[in-house]
Amino acid sequence: MSVSETAETVMLADVALPIPLPRALTYLVPEKLAATATPGRRVLCTLGTRRIVGVVIAVRQGEKQEGKKPILSVLAGISLPEDLVVFVARLASYYLAPIGEVVRLALPPADKEAARVVEEPTLFSEAKGISVRQVQWVLPTELVETSIKAGPARLLAYLRAHGALPLSRLEDQFGGARATVKKLRELGLVTVEERDAIRDPFFMEPILRDTELAPTAPQQVAMDALAAALAPERGPTTFLLHGVTGSGKTEVYLRAIAEAKRLHRGTIMLVPEIALTPQLISRFRARFGDDVAVLHSGLTPRERFDMWARLRAGEVDVAIGARSALFAPIRALGLVIVDEEHDSSFKQEEGVRYHARDMAILRAHMLSGVCVLGSATPSLETVQLARSGKATKLVLPDRARAQEMPRVHIVDLRAIGPGPTGDKRISLLLHRAIEETLAAKEQTILFLNRRGFAPSIRCEGCGELASCPNCTVALTLHKKKGGTMRCHWCDYEAPLPLRCKKCDSDRIALEGLGTEKLEETLSVAFPNAVIARLDRDVATGKQIEKVLDRVRSREVDILVGTQMVTKGHDLPFVTLVGVINADAALSIPDFRASERAFQLLVQVAGRAGRGDTPGRVLVQTYDPDHHAIKYAAKHDVNGFIERELRDRKELAYPPFSRMALVRVDSLDEKETQEATALLARAARDSARGGEPFALTVLGPTPAPIAKVRNRFRFRIMLRSTSREHLRKATLAIHAAVGQLPRAVRVAIDIDPVGLL
Ligand code: ADP
Ligand code: ZN
Ligand code: ZN
């Protein structure tokens, strides 16, 4: 052992175990394991009578204590990089999340199996026995060329800009690449080596030909700023890249990644899951070849593990993925990009309730790296970061290809009647606009945030609304399979009854409009049009991309869908976007409802007119004077931000305060309420003696949806302008959870996003 041992001090290791314990447990490090039981390594320990695999979080000298058990062995195979261990520990502490659960997020999938409680350790052997295809990679050398012809010089310059690339990729890009590479190799300007091909279905996708575009002036400014910040001697920096839809943010990201590569720094890029389409991936592949790990939901655990192992080994230095890619084991991480940073999918709403956007800043900064938060409709949190000087704002004010922003018309449903369908939610104006678009052989997107056929089912005899027996939620009628009433919060399903259970009336009315019904109504009204639907009932995973492909190839005339249609798809022949009911998003009981509605409207409007023909957008509403609608119609993001920030400040809502939401549930209503009351008292007691009004504790109150899956839900809302006061209160609640009956579940949600 390198450290001399006095009588009392011994080596101790804090080990995160894959069980919901709040903290890591401390074990003795036997002398023979001192060299290998380092942070990030997986170790076998005893817990009670069981043996269990954990991950070492920290190692330290400490006093010898009776009863501390030793680590039994250090496991071979994978380990977490040390910087990731530090990050995970800080994340767990910030969110008051069990360290073992957070470590799980960072482990590759295959190892999650091994990390389960085991009797004997299943030693993990990496990719053993799996045959991998070898492909040729071309690498530039340090040699300076003397005089070579223009063709080879171009290929060489390309290679130097991008780093190593597979030969096949160069063949896609340059005619006669194979011969050119041979020549360059003879001159000593490149080397060729065999590498394992990564098994990922997306590698089979046809690769776009890469066109490096001459940047627009604002793009250049942004690229220069990011390049300067990436220089190793510079400290950590956060950027807000505010660019209108179609302004070329992706091109800025691509250049920043190339610059990071040049500096031998790795990149993580987070995108909403829905944006992880072959279209985006092809753009990255075209630029960087197979040097990009794409962590998408279509990967098998095996493929995911392959990616993880390559990133961990430093063979691949760019990872793109949804939320969870935040934990990618990138070597020498220097750049973390969050595209569509306002998107609420970056917040995990179960298990460890972390916000990947907030943690992206931490992850980048821990390594003196750069964090870029990009959006056309930045979140108020990020805007406030820029205003307070904690982030640098970069602006791309115009669309890159000089297309005009679509014209937005507000359709006042109080004044405009229904079109020929007789349904007032397909107004005459919208109906005519669809007709015109069809006649011009262009495409329409219709956005409606309700799936199913009819969102509510009511007895006209007694007024009773059909609701879920397990949840306080109205049932939605889905027409498929002959009419089923379904709960969107649990698995409950029942056939549509012929008579009311309560009053026996047969007058059962279907109320409201869902995407399924909209599709049906349109197919009757426009019998010659091809209509497709995109929502969770028809499309998951690869099917989403299939629907979008059909739209892209102009097979589809009208696309109907939920939020799925609002995301950053580039569909050049869409010239009309209709928002069926802009008010739905505004009526949600959440202080972010206006912000969410505004973002939704601007994003969906951004789908129109991305090709050569200008687009138009019709927004139907009963509330045309609402500021979210008015500013969205003018594409006035800054105007909206000003107004909304003023409102938030007045009410002391985030970003001018911090919040925590404590969610409590159990099968017994009274028990839940009492447990919540106990936690609320703990929070209030924590503030006693401090400054008055430093902490607001609201509750216990029933949740807006008071019962889900037969569990009664209560909550406490905490708010404070002081991070410290809020922390004190949440820690007090966390400590009090131990006093509650075991059947009561508590989730502490720090910086909550979804308030339902
Ligand atoms: P955003 O991510 O901001 O919505 P994209 O990066 O998808 O925008 O770019 C929108 C379109 O503009 C794409 O078709 C892209 O190829 C094109 N584009 C981007 N930058 C340029 C440029 N400098 N010159 C010409 N076209 C560009
Ligand atoms: Zn009835
Ligand atoms: Zn239900």
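Laid out as a table, the results:
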quantity	calculated
Computed helical MRE - 222 nm, the chain, DSSP H runs ≥ 4 contributing -39500 (n - 2.57), nearest 500	-9500 deg cm²/dmol
Cα-based Rg of region 247-334 normalised by 2.2 N^0.38 Å, two decimals	1.00
Calculated diffusion of region 445-601, Stokes-Einstein form, Kirkwood radius summed over Cα pairs, 20 °C and 1.002 mPa s, µm²/s	125
Convex hull projection area averaged over all views, region 3-114, Cα basis, nm²	7.1
Where region 3-114 is the region considered: accessible area per residue in Å², 1.4 Å probe	43
Estimated translational D of region 217-395 in µm²/s (Stokes, Kirkwood radius over Cα pairs; 4 °C; 1.567 mPa s)	81
Protein accessible area in region 387-493, 1.4 Å probe - carbon and sulfur %	49
Cα-centre dipole for region 217-395 with unit charges at Cβ (Lys and Arg positive, Asp and Glu negative), debye to 20	280
Whole-angstrom Cα spans of region 291-409 along principal axes, big to small	49, 32, 30
Residue-normalised accessible area of region 217-395, given per residue in Å² at a 1.4 Å probe	29
Extreme residue, positive dipole direction of the chain, given options 388, 421, 588 (C-beta unit charges)	588
In sequence order, calculated HN-Hα J values of region 311-326 (Karplus, 6.51, -1.76, 1.60; Hz; x Gly/Pro)	5, 4, 7, x, 6, 10, 10, 10, 10, 10, x, 6, 1, 6, 5, 3
Full-stretch length increase - residue 698, residue 171 - with 0.36 nm per residue and alpha-carbon distance subtracted	183.4 nm
Rounded to the nearest 20 debye, dipole of the chain from Cβ charges on Lys, Arg, Asp, Glu	400
Contact order relative to length of region 658-750, as percent, for alpha carbon pairs under 8 angstrom and 6 or more apart	46
Fraction of antiparallel bridges per DSSP, the chain only, in percent to nearest 5	55
Taking all pairs of distinct alpha-carbon atoms in region 658-750, Kirkwood radius in angstrom	13.0
Whole-number D in µm² s⁻¹ for the chain, Kirkwood Cα-pair radius fed into Stokes-Einstein, 10 °C, 1.306 mPa s	55
Dipole in debye (nearest 20) - region 456-511, about Cα centre, beta carbon charges: Lys, Arg +1; Asp, Glu -1	160
Approximate spin-label separation residue 656-residue 424, in nm, with each point projected 7 Å along Cα-to-Cβ	3.7
Counting DSSP beta bridges with both ends in region 217-395, the antiparallel % (nearest 5)	5
Per residue, in Å², the accessible surface of region 658-750 once ligands and nucleic acids are set aside, probe 1.4 Å	52
The chain, relative contact order [Cα under 8 Å, separation at least 6], %	9
Selection from 216, 170, 75 lying farthest towards where the dipole of the chain points positive, charges on Cβ	75
Where only alpha carbons of region 456-511 are counted, the Rg and the Dmax (Å)	10.6, 28
Karplus-derived 3J(HN,Hα), 6.51/-1.76/1.60, for each residue of region 420-429, Hz, glycine and proline x	x, 6, x, 8, 5, 7, 10, 5, 4, 4
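The values are calculated or read from the model by the stated rules, or taken from the named source; none is laboratory data. In this text the structure is predicted, and so the values were computed from the model without any measurement. Backbone-built Cβ (ideal geometry, glycine too); neighbour counts: all protein chains shown. With ligands, DNA and RNA removed, areas are computed over all heavy atoms of the protein, side chains included. Shrake-Rupley method; radii C 1.70, N 1.55, O 1.52, S 1.80 Å.
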